[in-house]
Amino acid sequence: MSYLLLQVPVQDTGNHFPLAFTLVYVVGFIAAVTIGSIAWYNSKRPPGWENKERPDIIPKVEKE
């Protein structure tokens, strides 16, 4: 029975990045691109885009 206490657990020494960190980076990148696109469309139009229509998927944000 005492031999069970002497066993050393096997540790994985491989270098692999945790999946949770990868998912945080991917979701954060998608959120940043989405929020940045909405902000860009709601800002002053760049030269040549003054008369272009706003895409339907971009919400209109009113200035206060």
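The values are calculated or read from the model by the stated rules, or taken from the named source; none is laboratory data. Remember, it's a predicted structure, so these values are computed and weren't measured experimentally. When we count neighbours, we look across all protein chains shown, and the Cβ atoms used for this are built from the backbone with ideal geometry, even at glycine. Note: accessible area is taken over every heavy atom of the protein model, side chains too, but ligands, DNA and RNA are not part of it. Shrake-Rupley method; radii C 1.70, N 1.55, O 1.52, S 1.80 Å.
Summary of computed values
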{"item": "Qualifying position, being of a type in the set (A, V, I, L, M, F, W, C) and modelled with pLDDT of 80 or more, among 4, 23", "result": "23"}
{"item": "Flag if residue 35 is open to solvent by 100 Å² or more (accessible area, probe 1.4 Å) and of a type in the set (Val, Ile, Thr)", "result": "yes"}
{"item": "Near pairs, Cβ below 9 angstrom, 6+ apart or cross-chain, from the stretch 27-53 (at pLDDT below 90 and of a type in the set (Gly, Ala, Ser)) to any residue that is outside any helix (DSSP H, G or I) and open to solvent by less than 100 Å² (accessible area, probe 1.4 Å)", "result": "37/58; 39/61"}
